[in-house]
Each structure stands twice: as C-alpha cells, then as structure tokens.
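Here the structure is laid out as structure tokens; the discussion comes afterwards.
The values are calculated or read from the model by the stated rules, or taken from the named source; none is laboratory data. Owing to the predicted nature of the structure, the values given are computational and were not obtained by experimental measurement. With ideal geometry, Cβ positions are generated from the backbone for all residues, glycine too; neighbour counts draw on all protein chains shown. Ligands, DNA and RNA are stripped out before the accessible areas are found, and what is left, the full protein with its side chains, is counted by its heavy atoms. Shrake-Rupley method; radii C 1.70, N 1.55, O 1.52, S 1.80 Å.
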Amino acid sequence: MSKEKVPGSETIAVHWREEPLIRPQPEFVGQSNVSDPSIFERFSEDNFPECFDEYAQMLTWYKSWHQTLDSSNPPFYRWFVGGEINASFNCIDRHLPKRAGQVAFHFVPEPEDAPLVSITYQQLYWRVNEMAAMLREEFGLQRGDGVTLHLPMTLELPITMLACARLGVIHTVVFSGFSGRACGDRIVDSQSRLLITMDSYYRGGKLLDHKIKADEAVDHAAEGGHTPEKVLVFRREPGKYASDTPMHDGRDVFVDEILPRFKSREIEPEHMLAEDTLFLMYTSGSTGKPKGSQHSTGGYLAYAAGTSKYVLDIHPDDVYWCMADIGWITGHSYIVYGPLVLGTTSVLFEGAPNIPDTGRPWRVSEQLGVNILHTSPTAVRALRKAGTEVPAQYKYHFKSMTTVGEPIEPEAWRWYYEAVGKGKAVITDTWWQTETGGHLLSTLPAIHDMKPGSAGPALPGIYASILDDQGKDIKPGTSVAGSLCIRNPWPGRMLTIWRDDQRFIDTYYKRFCTNAESSDWRDWPYFAGDGAVQSADGYYRILGRLDDVINVAGHRLGTKELESSCLTVDVVVEAAVVAVPDEIKGVVPEVFVSLRTNIEASEEIEQRIKQAILDDIGPIAKPRNVWIVPDMPKTRSGKIMRRVLASLSAKKDPGDVSTLANPEIVEIIRVLVQK
Ligand code: WT7
C-alpha cells in the first residue's frame with residue numbers, strides 16, 4: 001500500500017470542538033464605525049462589484065472611475081477603471097485642512113530613555129515633500145521607476161514610502177532583519193534604480209550595523225546582473241555615522257547631507273491611474289525564488305481604507321498601535337496606508353516588545369493612550385510565556401485588539417482576551433495574505449460575536465468557499481476541512497506576480513480554475529493554499545498551510561488542531577507539530593512544545609500532553625515523541641518553521657537556517673532529538 005499522500009487531496013478530518021461565542025462589549029458597539037448588519041446586504045453577490053464603490057468613496061480622487069471592475073480577462077482584473085488618484089495625497093494632504101496639528105506618528109525608539117518623537121500631519125507633509133523633491137531632482141526618479149527600501153522601523157521608512165507614492169515610484173520594502181543577499185535578490189527582481197538604507201538601528205537591546213547589509217546587497221545584486229545607481233544612507237542619528245562599514249565613494253550618499261537643500265519644497269502629487277502599481281512586496285514561499293506581489297494604487301488603497309475602517313474600526317481620534325513591522329504587508333496596509341488614509345494617530349515602535357522587559361508594550365500603551373492594539377499570535381504567546389501577570393500592573397485601556405499571521409490557539413486567545421484586554425476589549429482575528437492586500441475573513445467587531453480560534457465569517461463582498469479535491473463545495477457544519485478559496489475578485493488583491501503572469505496563474509488559479517478559456521470570473525476561484533473548516537454559523541477556522549497537513553495512514557490532520565490541544569495543558573505556551581516517517585503508518589505526528597518561564601520539563605508534562613491529544617483528537621493522532629524545547633525556530637515574521645523541526649526529527653539536515661530569527665536554537669533542538 002502506498003504511504004504517499006494522495007496528490008491534491010484537500011479533505012481533512014476535523015475533531016475540534018466548538019468554542020462558545022463571546023459577545024462584543026456594548027460600549028464598543030456604541031462607538032463602532034459599522035454596527036448595522038445590513039452592510040452584508042449592500043455587499044451581497046447581487047450588488048457585486050459595485051458594492052466596492054463604497055470603499056473607493058472613502059478616498060479622494062482626481063478623476064472618478066467610469067467602471068468599477070473590468071473582469072474581461074481573468075484572473076487579471078482592473079478595479080476603478082479610469083479613476084485617477086495619488087496615495088500620498090490621500091494619506092497626508094487631504095487631512096491638512098482639518099488635522100494639520102494632529103499627530104500622525106508617535107515614534108518610540110527602542111532605548112527607553114531616548115525621547116519620543118511625535119510628528120504631526122503638517123510635519124509629515126513637509127518631510128514627505130522634501131524627500132520626494134530630492135528623489136526626483138537629485139536622483140532623477142520618475143513615475144514607474146523602482147526603488148528598494150531596506151529600512152528599519154523609524155520615521156524615515158513611511159516618509160520614504162509616501163515620497164515614492166507621491167512621485168508614482170514603485171517601492172519595494174525589504175524587512176530590515178533580512179540579509180543583504182535577500183535584499184540583493186529583490187533589488188535585481190524589481191530592477192530598482194536606488195537602494196535606500198540606514199546606517200544602524202536599535203533592536204534587541206543593541207545598536208546594529210545595518211549599512212554592512214547594503215554592501216552585501218549591492219554585490220549580490222551585481223552578481224544577479226543589476227546594479228543600483230546609488231545607495232542612499234540615512235543616519236539613525238543625523239550627522240553621526242554609527243556603522244563600521246565605510247561609505248563607497250561615488251555610490252553611497254548620506255541623505256542628511258543632501259536633504260536640507262530641498263527644505264520647504266512642495267511636490268505636486270502625480271495623478272496615477274487606479275491600476276498603476278503602488279508597490280511590490282516579496283513573499284518567500286516554500287519553493288522557488290521570492291514572488292513580487294504587485295499591488296495597485298486605487299484598488300489596494302480603497303481596500304486598505306475600507307478594512308481599516310470596518311474591521312480595525314479605526315477613528316481619527318484613536319491612538320492605534322500595530323506591532324508588526326512595516327517590512328511586511330501588515331505594516332504596509334495597517335501601519336502606513338490604511339490608518340493614514342483614515343487620518344488617525346499611530347505608534348511606530350522601533351524595538352522588540354521585551355526590551356528592556358515585557359512590561360514595555362503596556363508602558364507605551366499607558367503613556368501614549370493607545371486604545372487599539374494590533375499584534376500576532378506569536379507575540380501573544382511570547383508575552384504570555386514571559387509572565388501572565390505583567391499586563392495587570394499597567395493602566396492602559398484597549399477597546400479593541402487584533403491578531404494576524406497564524407491561527408491562534410483558543411488558550412492563547414483567552415489569555416489575550418482576559419489578561420491583555422482585561423475582558424473589555426473586542427478581538428478581531430483577521431485572516432489574509434500578502435497577496436490579498438487586506439483582510440478577507442474576520443468578524444466585524446460590533447456585529448459578530450467572537451469565537452476563540454476562528455477567524456470568523458467572510459468580510460463584506462468576499463465570497464469564500466471550502467473546496468474538496470474535486471473542487472466541490474464542502475458544506476458548512478460538516479466538520480470536514482478542505483481548501484480555502486475566494487470565489488470572486490476584490491479590490492485589494494495583487495495585480496499579478498511582478499514580471500511573471502504565468503506563475504501568478506499557476507500558483508493561485510490553476511488548482512481550481514474550471515475553464516481556462518473562460519472570461520467569467522466565476523470560473524476562476526482564488527486558491528489560498530490554506531486548509532480550513534467552516535462551522536454551521538459560517539465562521540471559518542484555519543488549520544494552517546495545506547503543505548503542513550499530516551497524513552497518518554490516510555487520515556489527514558491539520559497541525560493547528562493538534563497544537564491547540566497541546567495548549568490546553570496549562571504550562572504549555574507554544575506548540576509545533578510535524579510529521580515524521582513511520583514504517584507502518586507512513587508518517588506520525590511528533591510534538592514540540594515550549595513551557596512557561598520557570599517551569600521545568602518533566603515526564604508528567606509529556607504525559608499530560610499526550611493525554612490531551614488523545615482526548616481531543618483520538619489515538620490516530622498519538623505523537624511518537626513529545627519534545628520540550630526552550631524555543632521554536634521562527635521566521636523573522638514570527639512563524640514557526642515546522643519544516644526545520646521536521647528535518648531534525650527525521651534526522652535530516654535542516655539546510656540553511658541563517659535566515660531564521662533565532663538560528664542558534666536549531667543546534668540546541670538537534671542535540672535534544674538526535675541524541
Ligand atoms: C498566511 C499568509 C496577512 C498578513 C500576515 C501574514 C496565515 C494569516 C491568519 C489568521 C490563521 C492566518 C495563513 C495565510 N494567516 N492570518 N488570522 N488565522 N492563519 O501574511 O506572510 O502572506 O502569510 O498566514 O496561513 O495563508 P503572509
């Protein structure tokens with residue numbers, strides 16, 4: 001009998017029990033941007049695609065669109081056809097009559113004794129304009145050109161993005177924690193004319209040399225056949241160079257030496273077409289070279305605005321803090337573009353949440369009056385691990401909180417709700433992807449009840465389905481999981497993969513396209529690559545990436561289901577489940593967990609974990625081993641690298657782990673499991 005998983009078999013059995021619903025607080029509902037369920041009628045399939053005009057109307061256009069959606073050439077869609085707009089104008093200029101003196105960003109440096117820098121919308125206007133003037137006049141950048149930004153979480157990053165947007169220059173932001181080589185690959189693929197970087201920044205309690213990566217990036221890009229014309233170097237402290245790496249004569253320039261020449265210059269924003277490219281954001285899938293998610297100006301911005309308003313429920317007078325990095329799509333949509341379009345005040349935090357201690361996020365929230373917190377399951381688990389009682393010592397007040405990036409285990413969710421939200425803040429669990437530009441599944445926080453561990457129903461105007469391996473709909477409430485798909489186009493979706501239309505079709509549309517000749521979008525469901533199950537009330541629960549599904553003797557198990565079970569053991573704060581080869585069953589699960597601080601590993605804990613899995617899922621899921629480890633190998637964005645754990649368990653070489661956030665943990669785990 002073949003032990004291989006059936007190719008394309010997307011049906012996964014689910015053993016999860018339903019979690020009880022939790023009602024949103026009445027005070028929250030009273031102040032919400034949308035509490036009337038009729039929004040779902042406005043955005044019903046009968047009103048598609050014109051329903052999305054509502055989001056576009058949240059923006060200021062130079063010229064209105066004459067067609068909401070041109071879907072004549074699927075899966076290449078054009079939204080708001082004929083419309084002309086500028087993203088920088090929408091994020092800044094249009095707020096000046098009413099809100100010039102309002103703070104746009106509170107920049108919080110990592111060192112706690114360094115002063116807070118607050119910048120108003122008026123100041124943001126001047127800084128973006130002088131930067132745009134410099135880029136155009138000193139460096140000759142024009143509409144349609146590309147630049148790569150390898151900048152840390154400082155004000156210079158959103159300022160430079162908005163300066164690019166003002167000129168119609170396509171920005172590619174590379175997460176500052178990425179290596180020079182990763183940056184170089186993106187410079188080549190995006191054909192960037194400039195690399196914009198910084199000498200150094202604070203992270204994890206240290207001042208890191210960042211300029212060194214620029215040299216590696218340019219060398220690596222040159223090997224790839226493309227050399228940027230110049231490298232622009234901001235100094236973390238203007239005038240004070242803090243890198244050991246010398247400046248490269250004729251190529252590298254200090255921004256703070258040139259910028260003063262452009263003081264008080266104003267640059268008329270370019271009138272961009274709705275479908276012109278605003279930026280590229282690279283995603284590294286499990287195979288192949290990184291894909292440049294190419295995002296539009298009008299559709300993307302409309303979708304970021306609509307979801308910021310209805311899902312994050314942002315108001316102009318909120319103080320909003322998204323703890324993600326701008327180097328990810330979350331930061332693009334929900335630190336920069338969405339919140340600024342709505343004219344709110346945001347916190348921009350340079351550092352790690354545990355520097356100098358895990359009280360830092362709550363002190364910042366208390367001091368700045370943060371009332372909306374946006375973070376990830378991995379951050380929630382890390383804060384919980386460090387001490388469940390810490391948030392209680394601070395007097396901040398959150399009205400809403402968000403989680404994004406991975407499924408959150410119900411236990412971690414409850415801690416977030418009780419300890420961080422103090423039982424008073426609503427939680428929205430937002431499911432989406434780099435490719436989707438904005439949220440697709442989530443509760444609307446004043447309309448739906450919360451369900452721990454479930455992202456919630458599909459958002460207005462998003463028609464989601466769970467398909468089996470034949471592409472047939474799996475009915476809600478059947479406890480059978482499948483492949484999560486979105487049946488329709490939406491404005492925030494990427495235009496294509498940069499310079500690779502075929503890969504775009506192959507990755508996201510080939511799997512379930514019913515007729516490749518068809519010019520009807522209904523034949524082109526978007527394949528997200530996640531396993532999910534829908535309960536009878538329409539809420540979706542994400543099981544994780546389909547690639548991570550474990551097939552035990554023909555029985556397919558989602559990793560998150562087992563991991564959630566591990567977290568029901570109260571001392572467990574993180575769990576990762578991987579498949580290891582087994583002679584009889586093909587593969588069996590193996591469990592890695594990390595415990596709360598100050599809890600010792602013991603046989604008894606291992607037994608309790610095995611019992612929890614037995615009780616929740618059954619003998620089929622019995623793990624071969626339970627390994628108690630100090631930490632999990634994680635990507636820079638906080639996702640657990642199950643593939644690395646799986647190779648260690650299988651006694652294989654985990655390959656190149658240098659891009660992990662914590663590569664040193666790999667050897668520690670290897671010694672443990674391969675002894
Ligand atoms: C993948 C996309 C979207 C911004 C950050 C990640 C997983 C994301 C959730 C959630 C369960 C989630 C999915 C998805 N994911 N949010 N709320 N619940 N899973 O962007 O790096 O493009 O990753 O992250 O597996 O496909 P990304």
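A count restricted to segment 469-484 and to residues that are in contact (Cβ under 8 Å) with a residue 40 or more places away in the chain, in contact with a strand residue (DSSP E or B) (Cβ under 6 Å, 6 or more places away or on another chain) and surrounded by fewer than 24 Cβ atoms within 10 Å (Cβ to Cβ) stands at 2. Residues in segment 449-463 that are open to solvent by 10 Å² or more (accessible area, probe 1.4 Å), more than 15 Å from the ligand (Cβ to nearest atom) and within 30 Å of L280 (Cα to Cα): Y463 only. With respect to the conditions (1) farther than 30 Å from Q67 by Cβ; (2) touching a Gly at 6+ places or on another chain (Cβ under 7 Å), M272 falls short on a single one, namely (1). Cβ-Cβ contacts under 7 Å between residues 6 or more apart (or on different chains), taken from a first residue in segment 176-187 that is touching a residue at least 12 places away in the same chain (Cβ under 8 Å) to a second residue that is among the polar types (S, T, N, Q) and surrounded by 22 or more Cβ atoms within 10 Å (Cβ to Cβ), are listed as C183/T148; R186/T148; R186/T172; I187/T148. Filtered by the rule that a residue be surrounded by 14 or more Cβ atoms within 10 Å (Cβ to Cβ), at pLDDT 95 or above and among the hydroxyl-bearing types (S, T, Y), segment 8-42 gives S32, S35. Taking segment 87-142 as the region of interest, the helices (runs of 4 or more DSSP H) fully inside it that hold 3 or more residues being open to solvent by 30 Å² or more (accessible area, probe 1.4 Å) and in contact (Cβ under 8 Å) with a residue 12 or more places away in the chain are 96-99, 121-137.
In the set (1) at pLDDT 95 or above; (2) in contact with a Gly (Cβ under 7 Å, 6 or more places away or on another chain); (3) within 12 Å of the ligand (Cβ to nearest atom), the condition left unmet by M281 is number (2). Filtered by the rule that a residue be surrounded by fewer than 24 Cβ atoms within 10 Å (Cβ to Cβ), more than 11 Å from the ligand (Cβ to nearest atom) and part of a loop (DSSP other than H, G, I, E, B), segment 316-326 gives P316, D317, D318, M323.
Of all residues assigned to segment 562-577, at least one qualifies as being in contact with a strand residue (DSSP E or B) (Cβ under 6 Å, 6 or more places away or on another chain), farther than 30 Å from Y463 by Cα, modelled with pLDDT of 90 or more and not aliphatic (A, V, I, L, M).
Residues are listed down the side, and each one gets a yes or a no for (1) away from the ligand (no atom under 11 Å from the Cβ); (2) more than 16 Å from P377 (Cβ to Cβ); (3) part of a helix (DSSP H, G or I):
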residue: Y416; (1), (2), (3): yes, no, yes
residue: T430; (1), (2), (3): no, no, no
residue: H439; (1), (2), (3): no, no, no
residue: L444; (1), (2), (3): yes, yes, no
residue: I447; (1), (2), (3): yes, yes, no
residue: I466; (1), (2), (3): yes, yes, no
residue: T478; (1), (2), (3): yes, yes, no
residue: G482; (1), (2), (3): yes, yes, no
residue: M494; (1), (2), (3): no, yes, no
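Filtering segment 174-192 to residues that are assigned to a helix (DSSP H, G or I) and among the polar types (S, T, N, Q) leaves only S190. Please verify whether segment 385-393 includes one or more residues that are open to solvent by 30 Å² or more (accessible area, probe 1.4 Å), modelled with pLDDT under 95, in a loop (DSSP other than H, G, I, E, B) and more than 15 Å from the ligand (Cβ to nearest atom). Yes - at least one qualifying residue is present in segment 385-393. Yes or no: S264 more than 16 Å from the ligand (Cβ to nearest atom), assigned to a loop (DSSP other than H, G, I, E, B) and at pLDDT 95 or above? Answer is yes for this residue.
Reported count of residues in segment 228-261, each being part of a loop (DSSP other than H, G, I, E, B) and over 23 Å from D145 (Cα atoms), is 13.
Please go through segment 651-673 and give me each residue that is open to solvent by less than 30 Å² (accessible area, probe 1.4 Å) and either in contact (Cβ under 8 Å) with a residue 40 or more places away in the chain or within 13 Å of F592 (Cβ to Cβ) (or both), ordered by number. Within segment 651-673, I665, V666, I669, V673 qualify. The listed residues are I408, I466, I427, I497, and the only one of them that is crowded, with 22+ Cβ neighbours inside 10 Å, at pLDDT below 95 and either more than 18 Å from G531 (Cα to Cα) or not small (G, A, S) (or both) turns out to be I408. Of all residues in segment 290-306, none satisfies being in a loop (DSSP other than H, G, I, E, B) and open to solvent by 50 Å² or more (accessible area, probe 1.4 Å).
For G338, state whether it is small (G, A, S), within 15 Å of the ligand (Cβ to nearest atom), touching a residue at least 24 places away in the same chain (Cβ under 8 Å) and touching a Gly at 6+ places or on another chain (Cβ under 7 Å). Against the criterion (small (G, A, S), within 15 Å of the ligand (Cβ to nearest atom), touching a residue at least 24 places away in the same chain (Cβ under 8 Å) and touching a Gly at 6+ places or on another chain (Cβ under 7 Å)), G338 does not qualify.
Only residues that are of a type outside the set (S, T, Y) and within 12 Å of the ligand (Cβ to nearest atom) were counted in segment 360-379, giving 2. If the Cβ limit is 6 Å and pairs must be 6+ apart or interchain, which residue in segment 630-647 that is surrounded by fewer than 18 Cβ atoms within 10 Å (Cβ to Cβ) pairs with which residue that is part of a helix (DSSP H, G or I)? Correct list of pairs: D631/I665.
Please enumerate the residues belonging to segment 288-326 that are among the small types (G, A, S) and within 19 Å of G492 (Cβ to Cβ). Within segment 288-326, G292, S293, S296, G298, G299, A302, A304, A305, G306, S308, A324 meet the criteria. Scanning segment 147-173 for residues that are open to solvent by 10 Å² or more (accessible area, probe 1.4 Å) and part of a strand (DSSP E or B) gives a single hit, I170.
Close contacts from segment 46-58, counting a first residue that is in a loop (DSSP other than H, G, I, E, B) and a second that is among the polar types (S, T, N, Q), with Cβ to Cβ under 6 Å and a gap of 6+ residues or different chains, come to P49/T68. Per the conditions (1) out of contact with any Asp or Glu (no Cβ under 9 Å at 6 or more places or on another chain); (2) surrounded by fewer than 24 Cβ atoms within 10 Å (Cβ to Cβ); (3) touching a residue at least 24 places away in the same chain (Cβ under 8 Å), the sole criterion not satisfied by T245 is (1). Residues in segment 637-670 that are among the hydroxyl-bearing types (S, T, Y) and within 16 Å of the ligand (Cβ to nearest atom): S637, T659. Could you please let me know if V673 is within 25 Å of R17 (Cα to Cα) and either within 16 Å of the ligand (Cβ to nearest atom) or touching a Leu at 6+ places or on another chain (Cβ under 6 Å) (or both)? Judged against the criteria, V673 is not a match. A single entry from V533, V571 fulfils the requirement of being within 13 Å of the ligand (Cβ to nearest atom), open to solvent by 10 Å² or more (accessible area, probe 1.4 Å) and not hydroxyl-bearing (S, T, Y): V533.
Here segment 616-629 is the region considered, the condition is being surrounded by fewer than 22 Cβ atoms within 10 Å (Cβ to Cβ) and touching a Pro at 6+ places or on another chain (Cβ under 8 Å), and the residue that is nearest to H555 (Cα to Cα) is K622.
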